[in-house]
Amino acid sequence: RKEVEQDPGPFNVPEGATVAFNCTYSNSASQSFFWYRQDCRKEPKLLMSVYSSGNEDGRFTAQLNRASQYISLLIRDSKLSDSATYLCVVLTGGFKTIFGAGTRLFVKA
Amino acid sequence: DTEVTQTPKHLVMGMTNKKSLKCEQHMGHRAMYWYKQKAKKPPELMFVYSYEKLSINESVPSRFSPECPNSSLLNLHLHALQPEDSALYLCASSPPGSTGELFFGEGSRLTVL
C-alpha cells in the first residue's frame, strides 16, 4: 500500500463547478498535512496547510479526518486558472515529506 | 517568483560526465531538500539537510552526491549517471519549525544521454 494515495483523475469540470479531492495516508503517526498545486512543467507550490479543525482560504477548503486517515480539498466556483495537478503531502516524521501521486484538474469554459 | 534559485535550468550530460546542480536560498531556512521528479509522477525525496548536516538519504545511488557548503547553498554532484536518471531535479527549503512547508526552486531538467 502506498503511503499517500490519491485518485489521479483527471477531473474535468465546467467553470463555476464545485470539485472535491480526497487523499488517504497509511501512517497513523503522520504529523502535518498539506495541499500543493503544480502547473505543467512548473515546480510545486504550497496551496494550504490542513488542520484538524478544517480551514478555508477563499474558495478553497481543506479538511483532515485523523480517525479515517484522509484529507480533502474542496474548490468552489472553479476558475479556468484552477486547472493544475493537486498534490496531497504528508509529513510522516522529522523532515520526511511524502507526496501523493497528484490529482489532475481541468476546468473548462 | 521563487526565492529558491536553481542552476542550471537545463543540463544534458553523457554517462561518463561529472556535473553539479546548484541551489541557493536567502530566506534563512535551515532545512534544504533534493527531490527527483519524473514526468507525470510526484516528486520523490532524495536528500534532506538540516543545519548543514545530512538528515535523510532515501537510499539514493552513490552516483548522486549531495553537499551543503553553508546554510544558503545546496549542491548535487552527478557522476556516471544512467539514462533513467533523466528527470526534473527540484531543490526546496523549509523554514524553522515548519518542515512541511516547502519552498521549491524551478528545478533543473536533466537529460542523460
Subject >> Fluctuation leader among A:Glu56, A:Glu43, A:Glu15 - chain A, Gaussian network, Cα springs under 10 angstrom >> reply: A:Glu43
Subject >> Unpaired by the 4.7 Å Cβ criterion, cysteines found in chain B >> reply: B:Cys68
Original post:
A:Asn12's amide H: which non-local residues (gap 5+, or another chain) put their own amide H closer than 5 Å, with H modeled 1.01 Å from N in plane and none for Pro or chain starts?
Top reply: A:Phe106
**OP:** Choose one answer from B:Ser55, B:Ser98, B:Ser71: the residue with the largest mean-square fluctuation in a GNM of chain B with alpha-carbon springs under 10 Å.
**Re:** B:Ser98
**OP:** Taking the Cα atoms of the protein assembly as shown, report the difference between the largest and smallest coordinate on each principal axis, in whole Å and largest first.
**Re:** 51, 36, 35
**OP:** If a cysteine in chain A has no other Cys Cβ under 4.7 Å from its own Cβ, put it on the list, ordered by number.
**Re:** A:Cys40
Subject >> Evaluated at q = 0.09, 0.14, 0.16, 0.21 Å⁻¹: base-10 log I(q)/I(0), Debye formula over Cα of chain B >> reply: -0.20, -0.50, -0.66, -1.14
Subject >> Choice from A:Gly93, A:Gly58, A:Gly16 showing the highest fluctuation, given a GNM over chain A with Cα pairs closer than 10 Å >> reply: A:Gly58
Original post:
What number, in percent, do you get for the relative contact order of the range B:1-88 if the mean sequence gap of Cα pairs under 8 Å and at least 6 apart is divided by its residue count?
Top reply: 32 percent
**OP:** Please turn the phi angles of the range B:54-68 into ³J(HN,Hα) values with the Karplus equation 6.51 cos²θ - 1.76 cosθ + 1.60 (θ = phi - 60°), one per residue in order, whole Hz, x for glycine and proline.
**Re:** 5, 9, 9, 10, 7, 6, 7, x, 5, 6, 9, 10, x, 8, 10
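Rule-based calculations on the coordinates, nothing more; no lab input. From a predicted model like this one, the values you see are computed outputs, not experimental measurements. Backbone-built Cβ (ideal geometry, glycine too); neighbour counts: all protein chains shown.
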